[in-house]
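The values are calculated or read from the model by the stated rules, or taken from the named source; none is laboratory data. None of these values were measured; they are calculated from a predicted model. Glycine also receives a Cβ, built like all others from the backbone with ideal geometry; neighbour counts cover every protein chain displayed.
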Amino acid sequence: MKFSSLSLLFFFILSANAQDVFLEKYKDYFELPRESIFVHTNKSVFTAGEYLWYKGYAIDRTNGKLSDNVRNIQVFVYDSIGNLIDKSMVLANNGIFFNQIKIDSTFTPGRYYFKAMTNYMNNFKESDAYFQKFEVIDEVVRSKTKAQDIEVVIRPEGQEIVYGLNSNLGIKITNDIGNPEESTLILFENNTPIKEFTTSKLGLARMNFRPLKNKTYKIEVITKGGFKKIIPIEDIKSKGNSLDLINLKKHIYLNIETTSIKEHEKWQLFIFKDQNFISFNIEMNNSEKSIAIEKDKLFVGLNTIQLLKDGKAVLERMYLNETTDETESKVDYTLKQVDKQDSIILSLNFKNNSKLMLSASILPKENITYRSPQSIIKTLRLNPYIDNNDFKSFFDYTSLSSLNELDVLLLMSKSLYTTNLELSEPPTLQYKRENGFDQILYLIDKIKKDDDLMVGIASRFNKDYSLKLDSSRVFFLKNKYPVIGEKLEYTAVNKLGNFKAPKLTLKTRVIFNNQHPVLFEELDTLPFLKDISLSKNRVAANFTKTNELKEVIILAPKNKEEKIDRFIRGTREEITEDIVNEYLKLSAYLAAKGFRVNENYGAFGEVFEVHRLRNRSQGLGDIGQVGFILDGTRFKNASFLSNARLDQFESITINKDGFGEGFFGQGGIIALESRKTPLYDKDNGGVFTSIDVKEGYNEIKKYTNPNYTSYNSETFKRLGSIAWFPNIVVQGGTQNNNSVDLKVVDTKLKEGIIYIEGISEDGQLHSYRIPIKLNNN
């Protein structure tokens, strides 16, 4: 008897310890914070000569908001058999990044895969990289391929079926070319029909039954397309547990059944999402137990619900708790034709309270190119938590018409983490977050006695910096942000303040690290365009040569006024080598002349605003913003002058009164004359050394469309693109702040569709389409 009591006590202690061990292991497994990425592409089907334009959103999973910690994004492109055909490094700022991929001659017609990840993601066994397929085609030809068979997937709620226990089955029916099959289902018990029901249009159904011992069960599937198939219900266990989740308005009810209860067993309900979890013990006094849980006690988004027995999961259910995400458009719009510019202004009015960061692709109504099943909601709310194979198999719909259909798929899905929690060690920090690149700058010239500093001039994403010269002549630089194709400029300064161009070499260390290789034999190989096939002959689309962006030192914008030839009043100063040595940059020169300069040169646009200051007798503050004239042409927006070097100009004329220039000159006039004569002697190489960047971040290009030969052609309507806006920012709050104006080419088409993805400042996700009229006729 004493032996029996000791045995029971020992079992009780083991059960309690098992629960504690499980909780500790969970905490350890999610101690490192995780991040996820979603990428919105302007479309998913392309022709040669186009660009794949994209915007990425990097999310901190600890708070569900845009991540401030992500900088380096690795982008890979693979062909259909897994060959790496392109890779690039893209810079993220405040969780946002955007770039492009040229669909050039290396992209022959076929299927390709886009992957985006961070180095930090390599720390985890589960891949959080973003992955999407896209296609390149040359001609659309109607396919004669017809479905030959159907696939029926049946999964039980809770992951097991047990004789005598209440069971729910999730059922998904598709044909062999990937389309859903609406069907009638008949449940047979010992070859006798006992229940008949139908699927949704997407081939999804939920069936409830209680299997009895010594009886067999099967489901006959009869599709609307004429297919018939009988699927036996197998692997019914004699012992085990079952779970039935009932979704009500404010609560969920969990009905738990089990075939046996042993004394001193410890039952526990465990609900988790990332590093957050809820855990409480439950008393299984008999074979059935009902538990009500308030929804506001659950986590926002996808919850993994597990029933633990002695610290081991015996039942599992995925459940999506309500979010405030926007899946239907609440956006009003107005349309305005722009005379003489072949364009229209599309004004969108959002109804948001917090700031929105969005991207939008505008395509013809008849387009067949926006086919990716990915969305920001599906990618960030579901994909990080569902078994990879289940996600690829069950969530390949471009949209789901109801939450009930979504819940059927969640009922059938397994958690991504269950197996690894049990069998794998917790992740450790082996791969750090990469922030810029390391560089080695080597000075070839010997150091002279009076040499003092090496100065790096501000570039696209780098500020000015200086380095103290010493005999080593080697400088190890951290967190630098070079962009491929730009020029990095350096000057050496001696103790007398004189500048000279040093002889330098620069090495940038760019490392791609992908510890989650793609298993291409497991990828979805079905085409987006299931009702068409590709032409076997190479046929050029009706696009002419693509517009290319020209890189120049100063790129003047198009919003310029008339050319003026009259004499510019004011004080003219010729820019000499001495003046360049003193100021280096235009902004420093103007500040020394008594102007207030607001300058920014970075990832999301340039700013260059110059204001004339009041005289002391007039009080504090500005008189107004200065107007700029470059080579006789007026510019309302001078942002293209941001970070401009002084040696690019022959002369500068300052007219602080703006006399003779009307309203344009109310804050004063600055007239710039581009340099036409050499500034430096032949024996003097100038004061700057320029190094072309060949390793670094991929350059961000401005969106351009191919020059379509006809907007009215069927090719354009089906394959073309009207516009892409990667950086829409909508301020929250007042009605006036909630509007954005989008200028698009006037294609003369009657209708189009705007596809919008994005996130609010507080983590609300947005994913919807807006049908629009493209003219007012």
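Looking only at the stretch 321-343, how many residues end up being aliphatic (A, V, I, L, M) and buried (at least 19 other Cβ atoms within 10 Å of the Cβ)? Before the answer, list the steps.
Taking the stretch 321-343 first, the residues aliphatic (A, V, I, L, M) are 331, 335, 338.
If we keep only those that are buried (at least 19 other Cβ atoms within 10 Å of the Cβ) as well, we get 331.
Summing the residues that are aliphatic (A, V, I, L, M) and buried (at least 19 other Cβ atoms within 10 Å of the Cβ) in the stretch 321-343 gives 1.
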For the stretch 353-374, enumerate the residues that are surrounded by fewer than 22 Cβ atoms within 10 Å (Cβ to Cβ) and either β-branched (V, I, T) or closer than 15 Å to E328 by Cα (or both).
-> I368
Just wondering, is there one or more residues in the stretch 667-677 that are in a loop (DSSP other than H, G, I, E, B), modelled with pLDDT of 85 or more and touching a helix residue (DSSP H, G or I) at 6+ places or on another chain (Cβ under 6 Å)?
-> yes
Scan the stretch 52-67 residue by residue and report those that are hydroxyl-bearing (S, T, Y) and out of contact with any helix residue (DSSP H, G or I) (no Cβ under 8 Å at 6 or more places or on another chain).
-> Y54, T62, S67
Filtering the stretch 731-777 for residues that are surrounded by 15 or more Cβ atoms within 10 Å (Cβ to Cβ) and either touching a helix residue (DSSP H, G or I) at 6+ places or on another chain (Cβ under 6 Å) or free of Cβ contacts under 8 Å to residues at least 40 places away in the same chain (or both) leaves a count of 4
Any idea which residue in the stretch 171-203 is modelled with the highest pLDDT, counting only those that are farther than 14 Å from L409 by Cα and among the small types (G, A, S)?
-> S183
How many residues does the stretch 124-140 hold that are among the polar types (S, T, N, Q) and farther than 14 Å from P517 by Cα?
-> 1
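Please indicate, with yes or no, whether at least one residue in the stretch 75-90 is in contact (Cβ under 8 Å) with a residue 40 or more places away in the chain, charged (D, E, K, R) and crowded, with 19+ Cβ neighbours inside 10 Å. Reasoning before the result, please.
First pass over the stretch 75-90, keeping only residues in contact (Cβ under 8 Å) with a residue 40 or more places away in the chain: 75-76, 78, 80-82, 87-90.
Those still in the list that are charged (D, E, K, R) too: 87.
Those still in the list that are crowded, with 19+ Cβ neighbours inside 10 Å too: none.
No, that holds for no residue.
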Answer yes or no: is there a residue in the stretch 171-186 that is part of a loop (DSSP other than H, G, I, E, B), closer than 29 Å to V39 by Cβ and among the hydroxyl-bearing types (S, T, Y).
-> no
Sole miss for D438 among (1) under 24 Å from G95 (Cβ atoms); (2) crowded, with 19+ Cβ neighbours inside 10 Å is condition (2)
Which of the residues spanning the stretch 41-86 are touching a strand residue (DSSP E or B) at 6+ places or on another chain (Cβ under 7 Å) and acidic (D, E)?
-> E50, D60, D79, D86
Of the residues in the stretch 262-304, those that are in contact with a Gly (Cβ under 8 Å, 6 or more places away or on another chain), in a loop (DSSP other than H, G, I, E, B) and within 30 Å of I377 (Cα to Cα) number 1
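Looking at S354, S347 in this structure, which one is part of a loop (DSSP other than H, G, I, E, B), over 30 Å from S415 (Cα atoms) and in contact (Cβ under 8 Å) with a residue 40 or more places away in the chain?
On the way: S347 fails: part of a loop (DSSP other than H, G, I, E, B).
Criteria check complete, one pass: S354.
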Those residues of the stretch 242-261 which are of a type outside the set (A, V, I, L, M, F, W, C) and part of a strand (DSSP E or B), in sequence order = S242, D244, N247, H251, Y253, N255, E257, T258
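From the list L380, L400, L421, which residue is touching a Gly at 6+ places or on another chain (Cβ under 9 Å) and either surrounded by 14 or more Cβ atoms within 10 Å (Cβ to Cβ) or part of a helix (DSSP H, G or I) (or both)?
Values: L400 fails: touching a Gly at 6+ places or on another chain (Cβ under 9 Å); L421 fails: touching a Gly at 6+ places or on another chain (Cβ under 9 Å).
After ruling out the rest, the residue left standing is L380.
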Residue among K266, K249 that alone is under 18 Å from G311 (Cα atoms) and modelled with pLDDT under 95 | K266
Search result, residues across the stretch 758-777 that are within 15 Å of the chain's Cα centre (by Cα), part of a strand (DSSP E or B) and of a type outside the set (S, T, Y) | G758, I759, L765, H766
